[in-house]
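So the structure is just underneath, and the comments pick up after that.
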Amino acid sequence: MSGRVSAIGAQARSTTTALRTWLIKDSRSSLRRRTGRIQLLPAVLLALAAGLGVAVAAYGFLRWITPVDVSKTAAEIDVTRIALTVVAGVGGVVALVIAYRRQRDLEQSRFVERFGAAAAQLGATDVAVRIAGVYAMAGVADESEGLRRQQCIDVLCGYLRLPYDTEHGASGRTKFVVKAPRIDHGRVRGETEEHIEYRQNDREVRATILRVIANRLRPPTEYSWSTSDFDFRNAYLEGADFSNATFAGSAEFSRATFASIAEFGDTTFTRKAQFGGATFTGGAWFQNATFTGGAWFHDATFTGDVQFGEATFTRTAEFGDATFTGKIWFHYVTFAHSAWFNGATFTCDVSFKGSAFTGDVSFHHATFTSDARFMKVSFGSGTVSFVAPKQWGPPAPVFDWDQDLSQKPANVEPQDWPPTVAVPTAPAS
């Protein structure tokens with residue numbers, strides 16, 4: 001056990017150091033690439049050549065439109081003076097080019113410096129320094145745009161993806177030494193020491209990152225990060241509260257673990273929301289959430305209560321092979337596109353009361369072993385399939401037409417109601 005924990009600690013330290021080193025090097029290399037595209041001297045020479053060309057052209061044009069008495073040198077001087085004025089204007093443009101390039105390079109250098117300092121703080125041992133690093137990195141992101149802001153966000157999300165020991169996340173332990181005899185070719189040759197270290201109070205650092213990100217996804221906020229991408233794949237998220245947030249960029253939560261309640265009430269996902277393989281160990285609240293780019297909960301596990309009341313899915317809602325072991329509410333949910341629950345397992349009460357399905361719906365090979373209710377549901381005109389469930393109760397799911405099969409919509413399959421449970425296939429020999 002100590003060896004496994006040691007490996008986790010070592011991996012965390014090496015990952016943090018490698019991440020910080022890579023980010024600093026990547027920023028510097030990006031600076032060199034950008035500044036190397038057009039060097040300052042060629043740019044100035046090009047501007048000067050353009051200026052001379054403009055001056056010659058201006059002189060010729062002025063001579064053409066302005067009659068000049070060659071016997072009067074003053075007229076020639078006036079034309080020349082105008083041409084030189086044009087040249088002076090071009091020189092001003094050259095000066096502006098130089099000033100712009102200098103300012104741009106200064107800003108990039110300042111970004112690299114601040115970014116590197118914040119990344120170093122995030123990798124520190126002291127918890128207070130790491131928390132300061134979170135706010136420092138957020139400050140750099142606030143004052144940046146585009147790729148620079150995305151780079152800062154990637155670092156914060158990357159921290160949450162680092163190996164995390166939940167048992168020691170807030171214990172304060174930083175080192176644990178184990179001494180054991182070292183055996184070489186069957187002989188005892190001294191002792192070996194195994195050092196185990198943890199990032200002290202890392203739980204608070206991670207909670208700070210979640211708060212910082214969530215606050216910049218909620219309106220009104222001075223600095224909005226909503227259009228950026230967020231990658232929380234495989235992350236361990238404790239107390240994640242993204243209620244009222246707007247994810248206009250990609251929202252990637254595949255295989256993430258949500259400890260305690262995961263709050264996404266009134267949240268808007270304008271691009272595909274990825275929760276495939278995620279584990280919700282507490283409650284999951286998605287009431288009034290809006291998914292306009294598709295929602296993928298394939299193979300997700302919900303062990304607590306789940307609330308999707310009045311949520312809106314304008315694109316595909318994928319819950320295939322998902323497992324629900326807590327109470328589930330899909331009350332008055334709008335499924336404006338296809339909805340897939342193939343192979344899903346419902347072992348606790350589930351209700352789709354008042355929900356509306358517009359596109360195709362499938363519960364093929366689903367398992368219902370508790371109270372499942374499909375009351376006052378609108379099944380639209382798409383194909384709705386409950387064919388070959390893996391288990392159909394007891395108790396059997398409840399529908400509006402249970403007492404009068406003539407009320408069953410024609411698009412709900414199978415026609416011979418109730419559905420026949422699929423016969424398990426024999427394993428291959």
Report yes if some residue within region 140-148 is in contact with a Lys or Arg (Cβ under 6 Å, 6 or more places away or on another chain) and either aliphatic (A, V, I, L, M) or outside any loop (DSSP other than H, G, I, E, B) (or both); otherwise report no.
yes
Somewhere in region 346-354, is a residue among the charged types (D, E, K, R), surrounded by fewer than 19 Cβ atoms within 10 Å (Cβ to Cβ) and over 18 Å from His298 (Cβ atoms)?
yes
Residue list for region 226-275, restricted to those being among the polar types (S, T, N, Q) and either on the phi < 0 side of the Ramachandran plot or assigned to a strand (DSSP E or B) (or both)
Ser226, Thr227, Ser228, Ser243, Thr246, Ser250, Ser254, Thr257, Thr267, Thr268, Thr270, Gln274
Just name the residue that is nearest to His365 (Cα to Cα) out of those in region 383-412 that are surrounded by 13 or more Cβ atoms within 10 Å (Cβ to Cβ) and of a type in the set (A, V, I, L, M).
Ala388
So which of Thr208, Thr192 ends up being surrounded by 18 or more Cβ atoms within 10 Å (Cβ to Cβ) and either at pLDDT 95 or above or not aliphatic (A, V, I, L, M) (or both)?
Thr208
Aromatic (Phe, Trp, Tyr), surrounded by 15 or more Cβ atoms within 10 Å (Cβ to Cβ), at pLDDT 70 or above and not in a loop (DSSP other than H, G, I, E, B) - does that describe any residue in region 169-184?
no
Test result for Thr345, farther than 26 Å from Pro424 by Cα and polar (S, T, N, Q)
no
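Yes/no per residue for (1) under 33 Å from the mean Cα position of the chain (by Cα); (2) assigned to a strand (DSSP E or B); (3) at pLDDT 95 or above; (4) within 30 Å of Thr267 (Cα to Cα):
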site: Lys353; (1), (2), (3), (4): yes, no, yes, yes
site: His364; (1), (2), (3), (4): yes, no, yes, yes
site: Pro389; (1), (2), (3), (4): no, no, yes, no
site: Pro419; (1), (2), (3), (4): no, no, yes, no
site: Ala428; (1), (2), (3), (4): no, no, no, no
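To keep it simple, each residue is scored yes or no on (1) without any contact (Cβ under 8 Å) to a residue 12 or more places away in the chain; (2) over 17 Å from Ser362 (Cβ atoms); (3) under 14 Å from the mean Cα position of the chain (by Cα).
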residue: Ala248; (1), (2), (3): no, yes, yes
residue: Thr257; (1), (2), (3): no, yes, no
residue: Gln287; (1), (2), (3): no, yes, no
residue: Ala339; (1), (2), (3): no, no, no
Residues of region 204-222 being part of a loop (DSSP other than H, G, I, E, B) and within 18 Å of Gly133 (Cβ to Cβ), which ones?
Arg216
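The values are calculated or read from the model by the stated rules, or taken from the named source; none is laboratory data. Remember, it's a predicted structure, so these values are computed and weren't measured experimentally. When we count neighbours, we look across all protein chains shown, and the Cβ atoms used for this are built from the backbone with ideal geometry, even at glycine.
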